[in-house]
Amino acid sequence: MKALILQQPGRLVAADIASPAAPGPGEALVRVHRIGICGTDIHAYAGRQPFFTYPRIVGHELGVEVLAVGPGVDNVRIGDRCAVEPYINCGRCIACRRGKPNCCSDIRVMGVHVDGGMREQLVLPAAKLHRSASLSYDQLALVETLGIGAHAVQRAALDPGETVAVIGAGPIGLTVIQFALAAGARVIVLDVNASRLAFCRDHLGIAAAIDTQTADPLAQLRELTGGDMPTAVFDATGNPQSMATAFRFPAHGGRLIFVGLFPGDVTFNDPEFHRRELALLGSRNARPEDFRHIIEQVEAGRIDTTTWITHRAAFDAVPDVFPSWTRPETGVRKAMVALT
Ligand SMILES: [Zn+2]
Ligand SMILES: [Zn+2]
């Protein structure tokens, strides 16, 4: 069967690999219909993804169809359309035992630590499949991306009506914005990129979009909140300067949620942190219940994903077009690969 293998940075090649064996107990065999491309894939292609080893079949944002199930599988049936929770967890560590498989101490993310979905078929634990009777394969392939924002918002436990700020309106920030809005929050967006801010204004109805290239974010946030400042601030930039500066933005008694990450240290002024009794939260991946919540929200039409997909390619064309997706000037919000 067809597969695309990232042999080394910059070298994505088509290959013919063996079809998977029949699914074992608790496993399912699926056909991959759609693969969403995200920052992780692009960083891996560019050789910037920490802990990434080559060769690797990338792709972790998948819309799949169940072809066969092994013994003991009862959550999905042949023909079901599913989103994939691509986080393979150990089931034994302290995080797994406490219902947090998203931050398992021995996590293996499909497409990063183990082979992912850029192939026609694969076998995976059936428990990692989340079915929907009505979503399209495009929508199912967006569920994992949405999970990042859904989980960050769940971590923050937002109250309806509270004012939150989201720093960074890239694909991850957009997912945070969507779920913060769905939770009933008033959302202020900050970014350095005017076209991203325009997208938030035009497509997400964000009235308060601050261009941090031209405006002073602290003064703007103060003005927009009547001096209170936002009670939750999400940093989705993965930018060290932004993350350090973000400590200045939450209200007294507020929380700061780091959704993005970068390989290094973040420092902050302790008296500022203490004075405001800030809660600092990490947010990693998403939990199974986040996947179910997202599918319900998209099914109910409360999360609209239709404007997200900016680029499309057929599977066979991916090696040729992928380099263009890594360039910011291409303006990729979400590229979607179709296998069928
Ligand atoms: Zn992703
Ligand atoms: Zn674990």
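In terms of its C-alpha gyration tensor, the range 26-127 has an oblate overall shape, because the principal axis ratio a/c (a ≥ b ≥ c, square roots of the eigenvalues) is not below 1.5 and a/b does not outweigh b/c. Projecting the Cα atoms of GLN121, ILE5, ALA46 onto the charge dipole of the range 1-158, computed from C-beta unit charges around the Cα centre, puts ALA46 farthest toward the positive end. Cross-link partners for LYS334 among the aspartates and glutamates, with Cα-Cα distance under 19 Å and sequence neighbours closer than 8 places in the same chain left out: ASP41, GLU61, GLU85, ASP138, GLU144, ASP191, ASP202, ASP304, ASP316, ASP320.
Check each of the GluC sites (Glu not before Pro) in the range 250-326 and keep only those in coil by DSSP with at most 13 other C-beta atoms within 10 angstrom; list them in order.
Counting only loop positions with at most 13 other Cβ atoms within 10 Å, the GluC sites (Glu not before Pro) in the range 250-326 are GLU277.
Counted by neighbouring Cβ atoms within 10 Å, the residues MET118, MET229, MET1 run from fewest to most as MET1, MET229, MET118. Toward the positive end of the charge dipole of the chain, about the Cα centre and with charges on Cβ (Lys, Arg +1; Asp, Glu -1), which of SER195, ALA286, PHE179 goes farthest? The listed residue farthest towards the positive side: ALA286. Residues whose amide H falls under 5 Å from that of HIS60, counting only those 5 or more places apart or on a different chain, are GLY117, with hydrogens built in the peptide plane.
Only Cα pairs within less than 10 Å get springs; with that Gaussian network setup on the chain, which residue of ALA215, ALA246, ALA183 has the largest fluctuation? Ranking ALA215, ALA246, ALA183 by mean-square fluctuation puts ALA215 first.
Residues MET110, MET336, arranged from fewest to most other Cβ atoms within 10 angstrom of their Cβ, appear as MET336, MET110. The modelled label-to-label distance between ALA68 and MET1, using points 7 Å beyond Cα along the C-beta direction, is 1.0 nm.
Residues in the range 229-236 carry Karplus couplings, in order, of 6, x, 7, 9, 10, 9, 9, 10 Hz; the curve used is 6.51 cos²θ - 1.76 cosθ + 1.60 with θ = phi - 60°, and Gly or Pro positions show x. Phi angles of the range 302-308 translate, via the Karplus equation with coefficients 6.51, -1.76, 1.60 and θ = phi - 60°, into HN-Hα couplings of 7, 10, 9, 10, 5, 8, 6 Hz per residue; Gly and Pro are given as x.
Counting every other Cβ atom within 10 Å of each residue's Cβ, VAL332, VAL109, VAL13 order from fewest to most as VAL13, VAL109, VAL332. The label-point distance for ARG97 and THR330, in a model that sets each label 7 Å from Cα toward Cβ, rounds to 4.5 nm.
A simple charge model with +1 on the Cβ of Lys and Arg, -1 on the Cβ of Asp and Glu and nothing else charged puts the dipole of the chain at about 480 debye relative to its Cα centre. A straight chain from GLU277 to GLU289 at 0.36 nm per residue would run longer than the Cα-Cα distance by 1.4 nm.
Think of each Lys and Arg Cβ as +1 and each Asp and Glu Cβ as -1; about the Cα centre, that makes the dipole of the range 1-52 roughly 140 debye. Distant-in-sequence amide contacts of GLU162, defined by a placed amide H-H separation under 5 Å and a gap of 5 or more residues or a different chain, comprise ARG186. Summarising the amide proton neighbourhood of ALA68: residues at separation of 5 or more, or on other chains, whose placed amide H is nearer than 5 Å comprise LEU29.
Across the chain, the relative contact order, built from alpha-carbon pairs under 8 Å that are at least six residues apart, equals 17 percent.
If contacts are Cα pairs under 8 angstrom and at least 6 residues apart, what is the relative contact order of the range 258-340 in percent? All intermediate terms of the calculation are to be shown ahead of the outcome.
Working: 44 pairs, mean separation 21.5, N = 83.
26 percent.
Mind checking the full-extension length gain between ASP228 and HIS113? Use 0.36 nm per residue of separation minus the Cα-Cα distance, one decimal, nm.
So the chain would gain 37.1 nm between ASP228 and HIS113.
Backbone geometry of the range 32-46 corresponds, through the Karplus equation with coefficients 6.51, -1.76 and 1.60 at θ = phi - 60°, to 3J(HN,Hα) couplings of 7, 9, 9, 10, x, 9, 10, x, 4, 5, 5, 5, 5, 5, 7 Hz, x marking Gly and Pro. Over the chain, dividing the summed -39,500 (n - 2.57) contributions of all DSSP H runs of at least 4 residues by the number of residues returns a 222 nm mean residue ellipticity of -8000 deg cm²/dmol.
Note on LYS100: lysines with a C-alpha under 22 Å away, same-chain residues under 8 apart excluded, are LYS128. Relative contact order of the range 193-264: 25 percent, from C-alpha pairs under 8 Å at least 6 residues apart in sequence.
Read-outs: derived from the displayed coordinates by stated rules, not from any lab. Source: prediction; values computed, not measured. Don't worry about glycine lacking a Cβ; one is built from the backbone with ideal geometry, like all the others, and counts go over all protein chains shown.
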